[in-house]
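Colleague: Input: one structure, supplied below.
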Amino acid sequence: MREIAPTTALCGIVLHPAGHTRSPAMHNAAFRALGIDAVYLAFDVAPAALAPAIAGARALRVRQLAVSVPHKETVIAHLDEIDATARRIGAVNTVTWRDGALLGANTDWLGVVRALERATPLAGRRAAVLGAGGAARAAVHGLLERGARVTVLNRTVARARELASALGAAAAGSLDDLAGGRFDVIVNATSVGLREDVSPVSAAAIPAGAVVLDAVYDPERTRLLRDAEARGARVVCGKWWLVEQAAEQLRLWTGLEAPREVMAAAFDRAGQPS
Ligand code: ATR
């Protein structure tokens, strides 16, 4: 760890529970690589403590706070400005201190887009987003923004329809509707597969030649991604979603280009059993 000086900037993430976050590892590695005099900590903030936590961040002039589950929607009420994209997505994952005000933004959508763009351009592609929660909302926004034709598929079809109509996706359906959809891009934005060897969809429904991104990053090679590879699809693991959304956070605060490979390596190390 570098030396902490009186001028060292404080950044962090608020979430609950805080046990599994790899954000401090990623951001601190980026600070070190870029020579930024800052430290990044994880703050375990229960829902009832969010308002005083944000007030405290304001008083302490915390430069940037990432916001994770379960605070991404509720934090909005405590900020001074929300950018148009975060408003449309209905969630803030980044709070940046600027000119005496707390600005809310959303970088999750760009994380999805940039992770996918490692493997494929998105304009005109047929994309399926699995899920209808906050992660799915960010994914749908990002894909639409890049000109993809988006279908929302969810276990609870009514939620898929609501999301599709709220953001202007082309279609909605159940997870079973993946079969026969001839999708070029598939994004898993459900929590299925998290520390469990299960997939939200059947392997046979994944088209060969598709690009599949899994928001689940633990394990790195989820059942969905292994099934996709076995079907001849290309895969992008959830790590890149997290690295890319964090890279954009760093850019919002410092204007600097993030050292993505350094952050990815730190992410990997933070996931190893200690
Ligand atoms: P987040 O905001 O993090 O995306 P969320 O709002 O809790 O989280 O959404 C979780 C998503 O995972 C939902 O789409 C949920 O489907 P439902 O809307 O039907 O609840 C999906 N999900 C969770 N467990 C699932 C399971 N066992 N099978 C299929 N989908 C599941």
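Colleague: Taking Cα pairs under 8 Å and at least six residues apart, what relative contact order does the chain come out at, in percent?
Modeller: In percent, rounded to a whole number, it is 16.
Colleague: State, as an integer percentage, the relative contact order of the stretch 110-236 based on alpha-carbon contacts under 8 Å between residues 6 or more apart. Walk me through the intermediate numbers first.
Modeller: Working: 279 pairs, mean separation 29.6, N = 127.
With pairs under 8 Å counted, the relative contact order is 23 percent.
Colleague: So what's the gap between the Cα centers of the stretch 70-124 and the stretch 137-153, to the nearest angstrom?
Modeller: 15
Colleague: Per residue, how much accessible area does the chain have with a 1.4 Å probe, in Å²? It would help to have the intermediate numbers written out before the result.
Modeller: Working: 12080 Å² over 274 residues.
Per residue, the chain has an accessible area of 44 Å².
Colleague: How much of the accessible area of the chain, in percent, comes from carbon and sulfur atoms when a 1.4 Å probe is used?
Modeller: 51
Colleague: Which part of the stretch 115-158 falls in the paramagnetic zone of Ser174, meaning amide N under 13 Å from the point 7 Å along Cα-to-beta-carbon?
Modeller: So the set is 154-158.
Colleague: Report, in deg cm²/dmol and to the nearest 500, the calculated mean residue ellipticity at 222 nm for the chain, where each DSSP H run with n ≥ 4 adds -39500 (n - 2.57) and the sum is divided by the residue count. Could you put the intermediate results ahead of the total?
Modeller: Working: 9 runs with 98 residues, N = 274.
So the calculated ellipticity at 222 nm is -11000 deg cm²/dmol.
Colleague: Oh, and also: Which net charge results for the neighbourhood of Ala210, defined as the other residues with beta-carbon distances under 10 angstrom from its beta-carbon, given Lys and Arg at +1 and Asp and Glu at -1?
Modeller: Computed value for this residue: +4.
Colleague: Rank these by accessible area, largest first, 1.4 Å probe: Ile82, Ile206. Don't skip to the answer; put the middle values down first.
Modeller: Details: Ile82 25, Ile206 0 Å².
Of Ile82, Ile206, the descending order of accessible area is Ile82, Ile206.
Colleague: If Lys and Arg each add +1 and Asp and Glu each add -1, what is the summed charge of the other residues whose beta carbon sits under 15 Å from the beta carbon of Gly173? Spell out each step's value before the answer.
Modeller: Details: positive: Arg126, Arg149, Arg155, Arg159, Arg161, Arg182; negative: Glu162, Asp176, Asp177.
Net local charge, Gly173 excluded: +3.
Colleague: With the dipole of the chain worked out from charges on the C-beta (+1 for Lys and Arg, -1 for Asp and Glu) around the Cα centre, which of Pro52, Gly147, Gly100 lies farthest toward the positive end?
Modeller: Result: Gly147.
Colleague: Residues with beta-carbon under 11 Å from that of Ala115, excluding Ala115: net charge, scoring Lys, Arg +1 and Asp, Glu -1?
Modeller: 0
Colleague: Further, regarding this structure: Relative to the longest principal axis of the chain, what angle (0 to 90°, nearest 10) does the C-alpha long axis of helix 238-254 take?
Modeller: Taking the Cα atoms of the chain, the angle to 238-254 is about 40 degrees.
Colleague: Among Ala101, Ala205, Ala135, whose mean-square fluctuation peaks in a Gaussian network model of the chain (Cα, cutoff 10 Å)?
Modeller: Highest fluctuation of the listed residues: Ala101.
Colleague: 5 Å is the cut-off here: which amide hydrogens, built 1.01 Å from N in the peptide plane, fall below it relative to Val212, excluding neighbours closer than 5 in sequence?
Modeller: Ile186, Arg234, Val235, Val236
Colleague: If the only charges are +1 at each Lys and Arg Cβ and -1 at each Asp and Glu Cβ, what is the size of the charge dipole of the stretch 110-236 around the Cα centre, to the nearest 20 debye?
Modeller: On the way: 17 positive and 13 negative charges, 55 e Å.
Taking the Cα centre of the stretch 110-236 as origin, the dipole is about 260 debye.
Colleague: So what J values fall out for the stretch 86-98 if you push phi through Karplus, 6.51 cos²θ - 1.76 cosθ + 1.60 with θ = phi - 60°, rounded to Hz, Gly and Pro as x?
Modeller: Once θ is set to phi - 60°, the couplings for the stretch 86-98 become 4, 4, 5, 6, x, 8, 10, 10, 9, 10, 10, 7, 9 Hz.
Colleague: Could you give the angle, 0 to 90 degrees to the nearest 10, between helix 23-34's Cα long axis and the longest principal axis of the Cα atoms of the chain?
Modeller: 70
The values are calculated or read from the model by the stated rules, or taken from the named source; none is laboratory data. The structure displayed is predicted, hence computed values, not measured ones. Positions of Cβ are backbone-derived with ideal geometry, glycine not excepted, and every protein chain shown enters the neighbour counts. We work out accessible area using only protein heavy atoms, side chains counted, and drop any ligands, DNA or RNA first. Shrake-Rupley method; radii C 1.70, N 1.55, O 1.52, S 1.80 Å.
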